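The values are calculated or read from the model by the stated rules, or taken from the named source; none is laboratory data. Please read all numbers here as calculations on a predicted model, not as lab measurements. Positions of Cβ are generated from backbone atoms using ideal geometry, with glycine treated the same way; all protein chains shown enter the neighbour counts. Areas reflect the complete protein model, heavy atoms only, side chains present, ligands, DNA and RNA absent. Shrake-Rupley method; radii C 1.70, N 1.55, O 1.52, S 1.80 Å.
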Amino acid sequence: MLNRGGSNSSRAFILFSGFNTRAVLTLCRIFTKYKITFFIIALDKNDPIHLTAYTSHVKWIRKKRQLDLDEFIDAIEHIRTRYEVDTVTIVPSTEALNRFILEHRGFLEDRNISVPLVNKALYELISNKYSFGELCALKGMKVPTEITLSEKAVTNYPIVAKPRNYSTSNTISPVIINHQLELLEFQRLYNVDDFYFQEYVNGESYYLLYSIDKSGTVVSFSQKNFIQQGNGKSIVLAVSAEIHNESIGEKYKRFFLELGFHGVVMVEIKRTKENDYMIEANPRFWGPLQLTMDCNVPIVELWLQMCGCELQEESKASPPYVYGEYLWLSGLLKSIKNNDVMYHVNPEVIQHLPDYLLSDVYLRKDSLNYFYDEIKGDK
């Protein structure tokens, strides 16, 4: 198989769409900005990517919703042969995809399919909520107090139930439990041994964001989260922040370097008057990735260079970071409709929503059709 030493003409990035659409769309925008070759493997014919300007990059539509190794290879070999690509790099856009390619890493790399992730053990150490929380506590970082369920009733609510380990067959997000009746219902629905329980930390919400290459170069950024979907799901309104320049940002940067981590990672922080608490970490591209692009933060650019992509010379020197805002309007409207909204600032921020409209991740020329489709769907 030919190897032209990392030339962009022989290298392509493969995006799996259909999940984490906001991040996938941002990655499409960045690849397009730098004229980087990329192809998309779509989930199905109803994949939102078909309603964007990047539908022409879709070169395979999956037959199975579940990731399947045979189809995975068929899709990539189809793209490689038809478009004369030597090396393909899988973009780590979702947890399920990352676990899948790590599980089959040797098989994939033997076929010149690059897996730009750390080893499986380190990835899972960071991605699994319980193991990373234990490691952070061992290193002196604050984590929410763990609660042991016993015959004695829990007296301080809310509490948060978190899965101990990730499961591809039954993905469960953390669940906020507000009172004893909800706890009893949770115990009825789930095997509590699969979960651990923590106090709910009420405070300001932040993301610490890092891109780290194999030589130890780091790009850091942060965002302050204003509004989130219920049960700690997707962020729908946020602004750029500065806590990556504070001691907490430096502490986690050193932490990841000491672990030998490379790639991208998001750390969720809850800030109270007394402490900064680590809530969870995700070593993959996050939903509000668009904010880094809008603020001129070269998080993705450093990752691309680590992958062997030769960026245009002018792209290597990023302009100074600028203030930015992030909105996912349809995600917010859906949560309001379902009465399932988490405010991390004064709820009166909703009165200023028109001020943020031009920052909507989908209200842009390349995704207007999808913006309108989502808005119509939320009526």
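Take every DSSP beta bridge whose two residues both sit in the chain; close to 75 percent of them are antiparallel. Using a probe of 1.4 Å, the accessible surface attributed to residue 184 totals some 90 Å² when neighbouring protein chains are kept in position.
Computed about its Cα centre, the charge dipole of the chain is approximately 480 debye, with only Lys, Arg, Asp and Glu carrying charge at their Cβ.
In a DSSP loop and with at most 14 other Cβ atoms within 10 Å, the trypsin sites (Lys or Arg not before Pro) in segment 182-291 are 214, 273. Using a cutoff of 8 angstrom between alpha carbon atoms and counting only pairs six or more residues apart, the relative contact order for segment 83-146 works out to 27 percent.
Over 23 Å apart at the Cα level, from the set 139/253; 33/251; 233/334; 214/251, are 33/251. Overall, the accessible surface of the chain at a probe of 1.4 angstrom is composed of carbon and sulfur to the extent of 48 percent. Helical runs (DSSP H, four residues minimum) scored at -39500 (n - 2.57) apiece and divided by the length of the chain put the mean residue ellipticity at 222 nm at -9000 deg cm²/dmol. Accessible surface for the chain, divided over its residues, is 47 Å² per residue with a 1.4 Å probe. Rounded to the nearest 20, the Cβ-based charge dipole of segment 181-313 about its Cα centre (Lys and Arg +1, Asp and Glu -1) stands at 60 debye.
For residue 59, the aspartates and glutamates whose Cα comes closer than 15 Å to its Cα, not counting residues fewer than 8 places off in the same chain, are 44, 47, 71, 74, 77, 84. Put a plus charge on the Cβ of each Lys and Arg, a minus charge on the Cβ of each Asp and Glu, and nothing anywhere else: the dipole of segment 52-203 about its Cα centre is then about 240 debye. Summary value for the chain: 17 percent relative contact order, contacts being C-alpha pairs under 8 angstrom separated by 6+ residues. Placing unit charges on each Cβ (+1 for Lys and Arg, -1 for Asp and Glu) gives segment 177-259 a dipole about its Cα centre, and among 252, 230, 183 the Cα reaching farthest toward its positive end belongs to 252.
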